[in-house]
Amino acid sequence: MAFSLAGDHEEVMSAINTTPLVDVMLVLLIIFLITIPVVTHTVRVDLPKERNQPRETKREDVTLSVDRSGNAWWNELMLKDPAELASRLHQAAATDPQPVLQIRGDGEADYSAVGRVVFAAQRAGIRKLGFITEPPAPQ
């Protein structure tokens, strides 16, 4: 009982009965101890490891570089205009088997310059396209 009236006294005696509170807290503690392992259990998955395996390049593979000013380079030959790039890409797409087009974009180059090269390769029908990047720094 939360309070009781003592017979002769007019004074109200108020005291908190903590027994129900302790009972409820123990029940909640038991429920949490049972459910937490179920909630934290996840599906076991083996995630792939990061690795950078150097690829062996073939002689027929084409390295297409884009420098910071937006100029395109076919292997080590600077291309004069987008028409020459399109012409070379169409020639490469017509060969069988198609060469792998590896794009090297300068980190300071505008994204649109690299995007134009990718778009030109797509329009020419190049099916194998890759990007050459720097390997991550060892930690």
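Would you please give the residues with an amide H less than 5 Å from that of Ile103, counting only those at least 5 places away or on a separate chain, with H modeled from the backbone geometry?
Leu64, Gly130, Phe131, Ile132
Show me 80-86, 121-127 ranked by packing, highest mean number of other Cβ atoms within 10 Å first.
The peptides rank, most packed first, as 121-127, 80-86.
What list of ³J(HN,Hα) values in whole Hz, one per residue of region 95-101 in order, does the Karplus curve 6.51 cos²θ - 1.76 cosθ + 1.60 (θ = phi - 60°) give from phi, with Gly and Pro shown as x?
Here the 3J(HN,Hα) series is 6, 10, x, 5, x, 7, 8 Hz.
Would you pull out the residues with amide H under 5 Å of Leu79's amide H, same chain only if 5 or more places away, H placed 1.01 Å from N?
Ala72, Trp73, Trp74
Once phi is turned into θ = phi - 60°, what whole-Hz ³J(HN,Hα) does the Karplus curve with 6.51, -1.76 and 1.60 give for every residue of region 104-111, x standing for Gly and Pro?
In residue order, the calculated couplings are 10, x, 5, x, 8, 6, 6, 4 Hz.
Compute the separation of the alpha-carbon centres of region 87-101 and region 104-139 and state it in Å as a whole number.
After rounding, the separation between the Cα centres reads 17 Å.
Ranking request for peptides 17-30, 87-100: highest mean number of other beta-carbon atoms within 10 Å first, then the rest in descending order.
87-100, 17-30
Any read-out appearing in this document is the output of simple, stated calculations on the displayed coordinates, not a laboratory observation. Not measured: the values here are computed from a predicted model. Glycine also receives a Cβ, built like all others from the backbone with ideal geometry; neighbour counts cover every protein chain displayed.
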